Amino acid sequence: VRTHARTPTRVRIPTFTIFKLFSSNKKGLHVLSLNIQSLIPKLDEIRHNLTSSNSVDIIGFNETFLTENINDNTFSINNFSFERKDRKNKKGGGVLIYISDKIPFKRRTDLEHVDIDSICIEIKFPNSRPFLFSFVYRPPDAKQLWIDNFETVIEKIDLLNYESHILGDFNINYS
């Protein structure tokens, strides 16, 4: 009897299917975090989905593969602001987030580490406490130094005593 090891298959769910999971008439803040593995080829699809539905308030993309040579105007989408952090001195990685113009936010670069692909934003609605969203990408070959740096960031966030949400691709293999 011969047995064959089965390799796990990656299923690609089209971006437009993910957008349909959120209904625009539901209450609350709708937030997505996706590993995009190269943003530019998918930008038209993303632009179409963000402008044709009111279902997503914040969406973060990891592994954008962007470089500083690509102009910010390339990423403009009506009714959305965006923040980006491109990986420097190495290919791959990067983070970009779109935030609906109806969401009051400010970027918290003081809660980002220069050696970590991440973007942190603070959201403050009227008459409510501020809260944080941090979108993070950890490369699969990251070493202990990445974890130490990330721990430093988490400690800074914790000192604020804000509600915090950390989303992203951490490339952790539990097998």
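Quick notes on this structure:
- Overall size of segment 92-151 from C-alpha positions, given as principal axis extents largest first: 42, 22, 14 Å.
- Between segment 129-147 and segment 40-67, the alpha-carbon center distance in angstrom: 20 Å
- Dividing the mean sequence gap of close Cα pairs (under 8 Å, 6+ apart) by how many residues segment 30-117 holds gives a relative contact order of 29 percent.
- Computed packing ranks the peptides 127-140, 144-157 as 127-140, 144-157, most packed first, by mean other Cβ atoms within 10 Å.
- The antiparallel fraction among DSSP beta bridges confined to the chain stands at about 65%.
- Normalised convex hull volume, the chain, alpha-carbon set, Å³ per residue: 165 Å³
- For the chain, averaging the sequence separation of C-alpha pairs within contact (under 8 Å, six or more residues apart) and dividing by the residue count gives a relative contact order of 17 percent.
- GNM flexibility winner over the chain from 124, 85, 143 (Cα, springs under 10 Å): 143
- On the beta carbon distance between residue 47 and residue 86, with R0 = 30 Å, the FRET formula returns roughly 0.95.
- Over the chain, accessible surface divided per residue gives 63 Å², non-protein components excluded, 1.4 Å probe.
- Packing here is the average count of other Cβ atoms within 10 Å per residue, and on that basis the peptides 37-46, 89-98, 67-76, highest first, run 89-98, 37-46, 67-76.
The values are calculated or read from the model by the stated rules, or taken from the named source; none is laboratory data. None of these values were measured; they are calculated from a predicted model. When we count neighbours, we look across all protein chains shown, and the Cβ atoms used for this are built from the backbone with ideal geometry, even at glycine. Ligands, DNA and RNA are stripped out before the accessible areas are found, and what is left, the full protein with its side chains, is counted by its heavy atoms. Shrake-Rupley method; radii C 1.70, N 1.55, O 1.52, S 1.80 Å.
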